[in-house]
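Below is one structure, written out as structure tokens, with a few remarks after it.
The values are calculated or read from the model by the stated rules, or taken from the named source; none is laboratory data. Worth saying up front: this structure is predicted, and the values here are computed from it rather than measured. Don't worry about glycine lacking a Cβ; one is built from the backbone with ideal geometry, like all the others, and counts go over all protein chains shown.
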Amino acid sequence: MRKFTLFLFVLFFSLSIWAYNFTSGGFYYNIISSTAPYTVGVTYATTNYNSYSGTVIIPSTVTYNGITYTVISIQNYAFFNCVNLTSATILSSVTSIEASAFSYCVNLASVTIPNSVTSIKNLAFQGCSNLVSVAIPSSVTSIGDDAFYDCSGLTSISAYPTTPVDLSSSPNAFTGVSTSSCTLYVPTVSINEYDTATVWKNFSHIVAMTSTGVQTEISGAVNIYPNPVTDGFQITGLSGTYTLTLTDLNGRTLFAKILIGNEYISVSSLPKGLYVAKITSSGGTIEKKLLKQ
């Protein structure tokens, strides 16, 4: 009996420490389906949960033992309490961000949610206090309670569903977000619906998105024209050599280029959200705010 009890203890201990089936490319995976179509979810290494740091790009597929799996979910607690995680990009294929997936990633400054995600579960981003902006893609149909609880640093939310996600069962989805100072960007045709929708209506600043891919603030002779078809913008009004620096709202440089004259800049590789373009020439520096949608 004692040996049997000891065996159970060892078995339980092992299961609690190793929560994944395999690791690849720095990520830990649980196999969801071991038959076609083969699918996996991203998980954590141990019950310390803080397996990840820095910038991560979660792939759409991963190959293990000769089988290619599709990554379809960020599982419960996958990035929980990863206090050194600063940026997360989720590539298309993921359909669900599970409960507490990114809870208490207090230094997470940016996250890219692809237009394949349909559900963001309870507490998914709870306590991500350094997150400044977030884009909720049009594919999302459900947001769990406390999903963005205490994301106190949010200054902008871009909600792309034309019909507001029903939050009647998730009254605390944005509790702790300053609804008086955080701007909610919504599709132009849906602004009246968001104005009256449960929880969404609590935002004081509900702003209609433009019909183009990039919103701009124009000053002086230098202009930035959006081109939604090619997913970029055109800079005009400058001659000679100048430097373009594109940063996020935290001031982190995404790219810097030396350009000559009028130029077209592609932003297809960037997630939806707000950016700042700094144009430096002999005449000084001009800053333009951009919204990619």
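Numbers below:
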| quantity | calculated |
| --- | --- |
| Count of region 138-149 residues which are surrounded by fewer than 21 Cβ atoms within 10 Å (Cβ to Cβ) and either within 18 Å of residue 206 (Cβ to Cβ) or in contact with a Cys (Cβ under 8 Å, 6 or more places away or on another chain) (or both) | 2 |
| Residue match in region 121-133 (condition: among the hydrophobic types (A, V, I, L, M, F, W, C), touching a Lys or Arg at 6+ places or on another chain (Cβ under 6 Å) and either assigned by TED's automatic domain parsing to the domain that holds residue 81 or buried (at least 16 other Cβ atoms within 10 Å of the Cβ) (or both)) | no |
| Any hit, region 52-61, residues being free of Cβ contacts under 8 Å to residues at least 40 places away in the same chain, over 30 Å from residue 247 (Cα atoms), not in a loop (DSSP other than H, G, I, E, B) and not assigned by TED's automatic domain parsing to the domain that holds residue 254 | no |
| Selected residue [at pLDDT below 70 and assigned to a strand (DSSP E or B)] from 224, 157 | 224 |
| Residue satisfying all of: in region 135-145; without any contact (Cβ under 8 Å) to a residue 40 or more places away in the chain and not acidic (Asp, Glu); nearest to residue 53 (Cα to Cα) among these | 136 |
| Tabulated pairs, region 80-102, first acidic (Asp, Glu), second in a loop (DSSP other than H, G, I, E, B), C-beta under 7 angstrom, 6+ apart or interchain | 98/75; 98/76; 98/121 |
| Region 184-207, residues that are among the hydrophobic types (A, V, I, L, M, F, W, C), modelled with pLDDT under 95 and not in a helix (DSSP H, G or I) | 184, 186, 206, 207 |
| Residue check, residue 57 at pLDDT below 90 and either out of contact with any Asp or Glu (no Cβ under 9 Å at 6 or more places or on another chain) or crowded, with 17+ Cβ neighbours inside 10 Å (or both) | yes |
| Residues of region 64-89 that turn out to be among the polar types (S, T, N, Q) and not in a strand (DSSP E or B), as a count | 5 |
| Unique match (being at pLDDT below 95 and not charged (D, E, K, R)) among 119, 87 | 87 |
| Filtered residue count, region 1-44, keeping only those that are in a loop (DSSP other than H, G, I, E, B), among the small types (Gly, Ala, Ser) and modelled with pLDDT of 90 or more | 4 |
| In region 95-113, residue nearest to residue 137 (Cα to Cα) [restricted to those that are buried (at least 19 other Cβ atoms within 10 Å of the Cβ) and modelled with pLDDT under 95] | 113 |
| Residue list for region 101-134, filter: polar (S, T, N, Q), within 20 Å of residue 183 (Cβ to Cβ) and assigned to a loop (DSSP other than H, G, I, E, B) | 129, 130 |
